[in-house]
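Structure first, commentary second.
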Amino acid sequence: MKQALATIAAAFSISLAASVSAQAMTVGFSQIGSESGWRAAETTVTKQEAQKRGVTLKFADAQQKQENQIKAIRGFIAQGVDAIFVAPVVATGWDAVLKEAKEEKIPVILLDREIEAPKDLYLTAVTSDTVHEGKVAGDFLVKDVAGKDCKVVELQGTTGSSPAINRKKGFEEAIKGHDNIKIVRSQTGDFTRTKGKEVMESFIKAEGGGKGICAVYAHNDDMAVGAIQAIKEAGLKPGTDIKVVSIDAVPDIFKAMAAGEANATVELTPNMAGPAFDALMAYLKEKKEPPKWIQTESKLYTAKDDPMKVYESKKGLGY
């Protein structure tokens, strides 16, 4: 009987210790800053995911400066955190500080962006595939026009930025071989609503008042919302006279979709932390090495997906 009680007590003790260990886990998170609504949403979701798992999250806002991130990471190392999440502001210059984390056996996970450093200095990178995002948008349009001739105007992101380059590449891959779809005009809208509206106005003017335009493909939703304004001011119906396809899935595009003024958006999920925490837990508990890249889902949303319900679920995330 004593032996049985001792066994039960030992098992309870182990279970309690495991529970306490999970509750006591501390992760440092070095965020780039709050330069965009999407970035703010990523921060909100990361905090929610930590709370859901009972993890203490130490947060540091780098205000778009790498030196602030490096200082924060060194601070996390000094505090002896269990792991570090980093959304790196730039791709290079991380080797020294990541070596310091590795020496202290603190795993580092990259969120949203990758870096140019030896892969053994970080556990994994959780990011989207921006080429794939563009392809998902292009595949939607190919299916939606169903072989009909379609002249597309393209609102590119900031010139030279990797999302702009890749989202263009992916879209072009999707429409390749579909001769009925042609990009007739393409210009940067700098990822902003104001510039998107301005460039769309010039497209409409150049294309006979917009009547020859079948669709606008915008590299992000903010430019798409600007384009929608320009289309309406030209006396046309966005979503009907000119289809609107974009990327990011921020709240405002769902309001436009609910009003019939946008046709599709591809989500850049702000939840990079969920897969990161899952990989971290598996690594710490089971010593299971994750792949060096974890690709997040690029989900396509259309009017069939109850856009107002999606809007309600996203509007409080800080976008």
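Between Ile242, Ile228, Ile253, Ile247, the distinction of being buried (at least 23 other Cβ atoms within 10 Å of the Cβ) and over 27 Å from Ala40 (Cβ atoms) belongs to Ile242 only.
Condition check for Met281 on (1) within 22 Å of Phe191 (Cα to Cα); (2) outside the structural domain of Glu154 (by TED's automatic domain parsing): one failure, at (1). Go through the residues of region 245-265 one by one and say whether even a single one is outside any strand (DSSP E or B), assigned by TED's automatic domain parsing to the domain that holds Thr192, in contact (Cβ under 8 Å) with a residue 40 or more places away in the chain and among the basic types (Lys, Arg). So far as region 245-265 goes, yes, one or more of its residues are outside any strand (DSSP E or B), assigned by TED's automatic domain parsing to the domain that holds Thr192, in contact (Cβ under 8 Å) with a residue 40 or more places away in the chain and among the basic types (Lys, Arg). Filtering Val142, Val152 for residues that are at pLDDT 95 or above, assigned to a helix (DSSP H, G or I) and over 30 Å from Leu57 (Cα atoms) leaves a single hit, Val142.
For the subset of region 207-229 comprising residues that are in a loop (DSSP other than H, G, I, E, B) and within 20 Å of the chain's Cα centre (by Cα), which member is nearest to Asp252 (Cα to Cα)? The qualifying residue nearest to Asp252 (Cα to Cα) is Asn220. Taking (1) in the same structural domain as Val184 (by TED's automatic domain parsing); (2) part of a helix (DSSP H, G or I); (3) buried (at least 17 other Cβ atoms within 10 Å of the Cβ); (4) of a type outside the set (S, T, N, Q) in turn, Ala276 satisfies each apart from (1).
So, in region 158-206, how many residues would count as being part of a helix (DSSP H, G or I), among the polar types (S, T, N, Q) and farther than 20 Å from Asp139 by Cβ? Qualifying residue count for the region: 3.
Cβ separations smaller than 9 Å between residues 6+ apart or across chains give the following pairs from region 138-151 residues that are within 21 Å of Asn220 (Cα to Cα) and in the same structural domain as Lys243 (by TED's automatic domain parsing) to residues that are buried (at least 18 other Cβ atoms within 10 Å of the Cβ) and of a type in the set (S, T, N, Q): Phe140/Asn263; Leu141/Asn263; Asp144/Asn263. When region 291-315 is filtered for residues that are assigned to a loop (DSSP other than H, G, I, E, B), closer than 18 Å to Ala258 by Cα and in contact (Cβ under 8 Å) with a residue 12 or more places away in the chain, the ones remaining, listed by number, are Lys299, Lys315.
The values are calculated or read from the model by the stated rules, or taken from the named source; none is laboratory data. In this text, all values refer to a predicted model and were calculated from it rather than measured experimentally. Cβ coordinates were reconstructed from backbone atoms using ideal geometry, including for glycine residues, and neighbour counts include every protein chain displayed.
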